[in-house]
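Remarks on the structure that follows.
Derivation of every value follows stated rules applied to the coordinates shown; laboratory data play no part. Here the structure is a predicted model, which means the values were calculated and not measured. Neighbour counts run over all protein chains shown; Cβ positions are idealised from the backbone, glycine included.
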Amino acid sequence: MAKKTSQSKICNDVDETMIPEDCTTDHDENFGDSFDLAPKKNDKPSFKYQSVVRKRDERNKLDAQTCAQCEEYFSDLSPRKRAEKIRNVCRHRHVFAPPKSPEHFWEIGIPDTLECKRRGYIRDEEDFSEEELSRLRERRRRYRRRRSDDVEK
């Protein structure tokens, strides 16, 4: 059975049989062992991040990446010379390289119809299979029926 502890003295409504025997020992000497008082500080986060590297020597130690304009500029060089030039000259240096923007992301205007068709945003009826066409036609019929029912009401 459980031993009578100071806990049962504090709470009169607690039955002594409800307290397990391993809880009756005095935990004051082992109090600090069961808790992490302060986590150890890690200088770097565990995820990819962007930070500013201010000293030129430290920046030169980072890996150089290229953007589309750099690739075009260095395209006439041989692969070995290109890699050397990029390592020595390129200013795109990061601890973790940021993801590249999707194609056409920075275009401000709305593309014309031919450009939308070329990119695949718009499809003509010739581009659909027979099964897709029948599904589209059925969908249109159902829509027209609903619209005509709404107008009659």
Response to the item:
Projecting the Cα atoms of Val151, Ser134, Tyr121 onto the charge dipole of the stretch 113-152, where Lys and Arg contribute +1 and Asp and Glu -1 at Cβ, the residue farthest towards the positive end is Val151
Worksheet item: How much length is gained if the chain between Cys116 and Arg140 is pulled fully straight, taking 0.36 nm per residue apart and subtracting their Cα-Cα distance, in nm to one decimal?
Response: 6.3 nm
Discussion item. Loop only by DSSP, 11 or fewer other Cβ within 10 Å of the Cβ. Give me the GluC sites (Glu not before Pro) in the stretch 74-118 that pass, ordered by residue number.
Written reply: Glu103, Glu107
